[in-house]
Amino acid sequence: MKSIILLLSLLILAAYSCAQKSSSDRIRPWKADLSYWQYKGEPVLLLGATDNDNLFQNVNLVSHLDSLRRFGGNYIRNTMSDRDPGDARAFAALPGDLYDLD
């Protein structure tokens with residue numbers, strides 16, 4: 001019961017904290033041109049690219065991110081695909097199209 005109360009308290013605190021921030025401080029589409037985003041009221045173009053559909057399967061992740069930054073990149077997407085041969089599998093497959101999530 002104590003853990004549920006603690007969890008609810010943390011959720012309420014997080015929601016209150018988010019509500020206190022000005023909406024102009026959050027990243028969101030720029031109303032003047034929806035091809036751009038805005039952050040802290042200023043337009044920003046998100047630039048990113050990867051050489052794999054799942055960036056986090058890349059064995060050269062650090063050098064890849066350094067290269068992206070060197071070329072002006074400021075955005076990465078979070079994909080967690082494991083469909084390509086050689087990718088680490090997220091979960092062990094069980095019979096019947098089920099996965100062992102433990």
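Here, each number is a calculation from the coordinates, and none is a lab measurement. Values in this document were obtained by computation on a predicted structure and should not be read as measured data. For neighbour counting, all protein chains shown are included, and Cβ atoms are generated from backbone atoms with ideal geometry for every residue, glycine included.
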With each pseudo-label sitting 7 Å past Cα toward Cβ, what's the N60-A92 distance in nm, one decimal?
3.4
Apply the a/c threshold of 1.5 to the C-alpha gyration tensor of the range 24-87 and tell me whether it is rounded, prolate or oblate.
prolate
Taking r as the C-beta separation of E42 and S81 and R0 as 41 Å, the FRET efficiency to the nearest 0.05 is 0.80
Within the range 39-94, report the trypsin sites (Lys or Arg not before Pro) that DSSP leaves as loop and that have at most 14 other Cβ atoms within 10 Å.
K40, R77, R83, R89
